[in-house]
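Structure first, then comments.
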Number of protein chains: 2
Amino acid sequence: MNVKATLFVKTDCRDCPIRHRAVCSRSTADELEILDRMKTYRTYEAGQTIIWAGDQVQFLGSVVSGVATLSQTMEDGRRQMVGMLLPSDFVGRPGRESAPFDVVAATEVTLCRFQKSAFERLMVQSPAISRRLLEMTLDELDSAREWMLLLGRKTAREKIASLLSIIARRDASLHLQPISGNVEFDLPLSREAMADYLGLTLETVSRQVSALKREGIIELQGKRHINIIDFATLLNETGDDTDGGIWT
Amino acid sequence: MNVKATLFVKTDCRDCPIRHRAVCSRSTADELEILDRMKTYRTYEAGQTIIWAGDQVQFLGSVVSGVATLSQTMEDGRRQMVGMLLPSDFVGRPGRESAPFDVVAATEVTLCRFQKSAFERLMVQSPAISRRLLEMTLDELDSAREWMLLLGRKTAREKIASLLSIIARRDASLHLQPISGNVEFDLPLSREAMADYLGLTLETVSRQVSALKREGIIELQGKRHINIIDFATLLNETGDDTDGGIWT
DNA sequence: CCGGGGATTTGATCTCGATCAAGGTGAAAA
DNA sequence: TTTTCACCTTGATCGAGATCAAATCCCCGG
């Protein structure tokens with residue numbers, strides 16, 4: 001833990017997000033140097049597709065700012081979001097030719113990117129990177145499986161409450177703030193994107209948000225700014241057990 | 001590929017499944033030796049819970065025979081299966097204290113187990129193991145995300161057709177047979193387990209299976225033995241694009 | 001061969017969320 | 001300022017799948 005902190009401070013990669021730094025955290029200074037020199041930034045505007053499912057992708061990287069979505073679409077247009085990428089999340093698959101899902105910028109998004117081939121070469125030299133990526137991928141897998149419970153078994157109201165509490169939590173952890181009582185944040189997703197994430201229609205999302213507002217559990221300022229009156233009360237609506245589980 | 005095949009033959013671990021062998025496939029003979037000496041077998045009867053969510057688990061391993069399920073349950077009893085473990089699938093998380101989900105034997109299950117601490121020590125020495133586990137975990141993550149599309153957006157009939165085609169495919173690949181035309185296999189899951197996997201009730205599962213039978217797309221022998229009359233016809237009912245996608 | 005009990009099927013009815021259809025809102029362009 | 005357009009809300013109705021309630025099947029022990 002101390003080692004991690006030390007390396008965290010040592011790295012020059014100051015403008016890169018926490019989790020990307022964490023990827024490098026057990027590497028040597030040399031390796032950090034190499035990663036650092038490889039990196040480039042690119043910004044995508046809201047609504048832009050960053051990666052199409054099936055594309056050959058030449059880079060890996062992580063989200064510096066903004067929110068991107070991972071989703072898939074059936075031929076008839078039904079769409080399901082399968083993940084949300086927030087600052088510090090890793091993007092891309094080492095060792096894979098083509099992307100399995102669409103990556104779309106929900107807000108303006110800046111990525112810190114590495115050339116895929118160079119990163120993969122570095123992975124072979126530095127086993128710590130593979131171990132760290134394994135750890136991160138296991139976390140993502142657990143999150144995906146938690147989401148399967150939501151999609152398969154939760155009611156519309158529970159789905160909305162769960163989504164709001166997750167976004168609130170991730171937003172708070174981004175600003176390194178504790179979470180309790182009153183919580184405020186901007187929704188990075190449109191009603192339609194929320195529907196795609198939750199396996200609902202946008203009308204149902206709108207109705208459930210209105211219901212939570214009517215019942216005084218949340219307040220809205222505009223369409224996108226949410227004020228959770230009391231976080232614990234919202235949690236009661238999620239259907240989850242009280243302790244909060246694995247979502248961060 | 002040749003290297004893999006060679007090592008495949010070299011290892012003494014003959015009774016262990018394909019994918020577990022794959023974990024070792026890029027390791028040295030020494031490392032294989034160590035893994036081989038560590039391994040023990042254990043058999044669980046159908047219905048038995050192998051791991052409870054939250055348990056401290058002291059082993060890792062892979063499924064040798066039988067089918068196990070990964071699932072989570074809400075306090076009020078709603079249950080969602082989040083994965084199915086077939087022969088060759090890896091069980092357990094290196095580097096994790098406690099299990100995130102229940103693992104239950106759907107049929108009689110035999111596991112090949114390694115002591116977790118010993119395996120983790122081996123992982124540090126042999127970077128290839130981490131890389132291989134990362135690859136496998138990425139596959140699982142993609143599968144989980146495909147399943148999210150099913151849970152969030154597919155109709156009951158599409159869900160049933162998808163499940164049958166996945167089980168048929170995995171069963172065929174287990175016996176190293178190609179899949180096309182007429183396909184026969186035993187369902188390893190009860191109607192209730194199928195419902196838990198698909199986010200449906202057992203009555204809906206039963207009705208949809210009956211409908212597929214009535215329409216001549218499948219035949220039943222007993223409750224559990226399925227005969228898919230023409231695999232391509234069943235695929236048409238899944239809602240997936242024609243090429244089959246990532247499911248193996 | 002017979003009875004018991006879990007697993008499955010089938011039927012009747014209900015309900016939550018989808019669908020169809022107008023409106024409202026607010027920020028940016030004209 | 002007015003227009004416009006994308007986004008969101010609200011209302012009315014519908015229908016797929018849930019729920020409640022019996023049968024029926026079948027495997028197993030006696």
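With the structure loaded, tell me whether B:VAL23 is at pLDDT 95 or above and either away from every other protein chain (no Cβ under 14 Å) or within 23 Å of B:PHE101 (Cβ to Cβ) (or both) or whether it fails that test. It is false that B:VAL23 is at pLDDT 95 or above and either away from every other protein chain (no Cβ under 14 Å) or within 23 Å of B:PHE101 (Cβ to Cβ) (or both). Filtering segment B:96-114 down to residues that are assigned to a strand (DSSP E or B) and of a type in the set (Ser, Thr, Tyr), which residue is surrounded by the most Cβ atoms within 10 Å (Cβ to Cβ)? Step by step, filter segment B:96-114, then rank; the result is B:THR110. When restricted to residues that are more than 10 Å from DNA strand D (Cβ to nearest atom) and open to solvent by 10 Å² or more (accessible area, probe 1.4 Å), segment A:208-228 contains 7.
Quick grid of which residues meet (1) assigned to a strand (DSSP E or B); (2) over 25 Å from B:ARG79 (Cβ atoms); (3) outside the structural domain of A:ASP171 (by TED's automatic domain parsing):
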site	(1), (2), (3)
A:TYR197	no, no, no
A:ALA211	no, yes, no
A:GLU219	yes, yes, no
A:LYS223	no, yes, no
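Out of B:VAL124, B:VAL205, report the one residue that is buried (at least 17 other Cβ atoms within 10 Å of the Cβ), assigned to a helix (DSSP H, G or I) and either at pLDDT below 95 or within 16 Å of DNA strand C (Cβ to nearest atom) (or both). Only one candidate qualifies: B:VAL205. Among residues that are at pLDDT below 95 and under 16 Å from the mean Cα position of the chain (by Cα), B:ASP89 is included. Out of A:THR73, A:THR110, A:THR137, one residue alone is closer than 26 Å to B:VAL124 by Cα and either out of contact with any Cys (no Cβ under 8 Å at 6 or more places or on another chain) or more than 13 Å from chain B (Cβ to nearest Cβ) (or both). It is A:THR137. Here A:MET84 meets the list (1) open to solvent by 50 Å² or more (accessible area, probe 1.4 Å); (2) at pLDDT 95 or above almost entirely, failing just condition (1). Restricting A:SER117, A:SER165 to those that are more than 9 Å from chain B (Cβ to nearest Cβ) and open to solvent by 30 Å² or more (accessible area, probe 1.4 Å) reduces the list to A:SER117.
Here A:LEU176 meets each of (1) open to solvent by 40 Å² or more (accessible area, probe 1.4 Å); (2) within 13 Å of DNA strand D (Cβ to nearest atom); (3) hydrophobic (A, V, I, L, M, F, W, C) with one exception, condition (2).
Within segment B:127-158, restricting attention to residues that are of a type in the set (Ser, Thr, Tyr) and at pLDDT 95 or above, which residue is least open to solvent (accessible area, probe 1.4 Å)?
Within segment B:127-158, the subset of a type in the set (Ser, Thr, Tyr) is B:130, B:137, B:143, B:155.
Then drop every residue that is not at pLDDT 95 or above, which leaves B:137, B:143, B:155.
Working: B:THR137: 9, B:SER143: 36, B:THR155: 69 Å².
Checked segment B:127-158; the qualifying residue least open to solvent (accessible area, probe 1.4 Å) is B:THR137.
Pick from segment B:142-157 the residues that are more than 7 Å from chain A (Cβ to nearest Cβ) and under 16 Å from the mean Cα position of the chain (by Cα): which of them is farthest from B:THR204 (Cα to Cα)?
Initially, segment B:142-157 is screened for residues more than 7 Å from chain A (Cβ to nearest Cβ), giving B:143, B:146, B:150, B:154-157.
Subset that is under 16 Å from the mean Cα position of the chain (by Cα): B:143, B:146.
On the way: B:SER143: 24, B:GLU146: 22 Å.
Looking at the filtered set, the residue picked out is B:SER143.
Among the residues in segment A:182-192, are any away from DNA strand D (no atom under 16 Å from the Cβ) and buried (at least 19 other Cβ atoms within 10 Å of the Cβ)? If you could, list the steps in order and put the result at the bottom.
Start the filter on segment A:182-192 by keeping residues that are away from DNA strand D (no atom under 16 Å from the Cβ), which leaves A:182-184.
Now narrow it down to the ones that are buried (at least 19 other Cβ atoms within 10 Å of the Cβ): A:183.
Looking for residues that are away from DNA strand D (no atom under 16 Å from the Cβ) and buried (at least 19 other Cβ atoms within 10 Å of the Cβ), one finds at least one in segment A:182-192, hence yes.
Considering segment B:191-224, and only residues there that are small (Gly, Ala, Ser) and touching a residue at least 12 places away in the same chain (Cβ under 8 Å), the residue that is nearest to B:ALA144 (Cα to Cα) turns out to be B:GLY199.
Condition check ((1) more than 25 Å from A:VAL63 (Cβ to Cβ); (2) within 16 Å of DNA strand C (Cβ to nearest atom)) across all residues:
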site: A:THR137; (1), (2): no, no
site: A:ALA172; (1), (2): no, no
site: A:ASN182; (1), (2): yes, no
site: A:ILE218; (1), (2): yes, no
site: A:GLN221; (1), (2): yes, yes
site: A:ILE229; (1), (2): yes, no
site: A:THR233; (1), (2): yes, no
site: A:GLU237; (1), (2): yes, yes
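Which residue is farthest from DNA strand D (Cβ to nearest atom), if the candidates are limited to segment A:229-240 and must be part of a loop (DSSP other than H, G, I, E, B) and not aliphatic (A, V, I, L, M)? I'd like the intermediate steps shown before the answer.
Of segment A:229-240, the ones part of a loop (DSSP other than H, G, I, E, B) are A:229-230, A:237-240.
Still in the running and not aliphatic (A, V, I, L, M): A:230, A:237-240.
Numbers: A:ASP230: 21, A:GLU237: 17, A:THR238: 18, A:GLY239: 13, A:ASP240: 18 Å.
It comes out as A:ASP230.
The values are calculated or read from the model by the stated rules, or taken from the named source; none is laboratory data. Keep in mind that what you see is a predicted model, and the values were worked out from it rather than measured. Reconstructed Cβ throughout: ideal geometry from the backbone, glycine too, with neighbour counts over all protein chains shown. Surface accessibility is based on the protein's heavy atoms, side chains included, excluding ligands, DNA and RNA. Shrake-Rupley method; radii C 1.70, N 1.55, O 1.52, S 1.80 Å.
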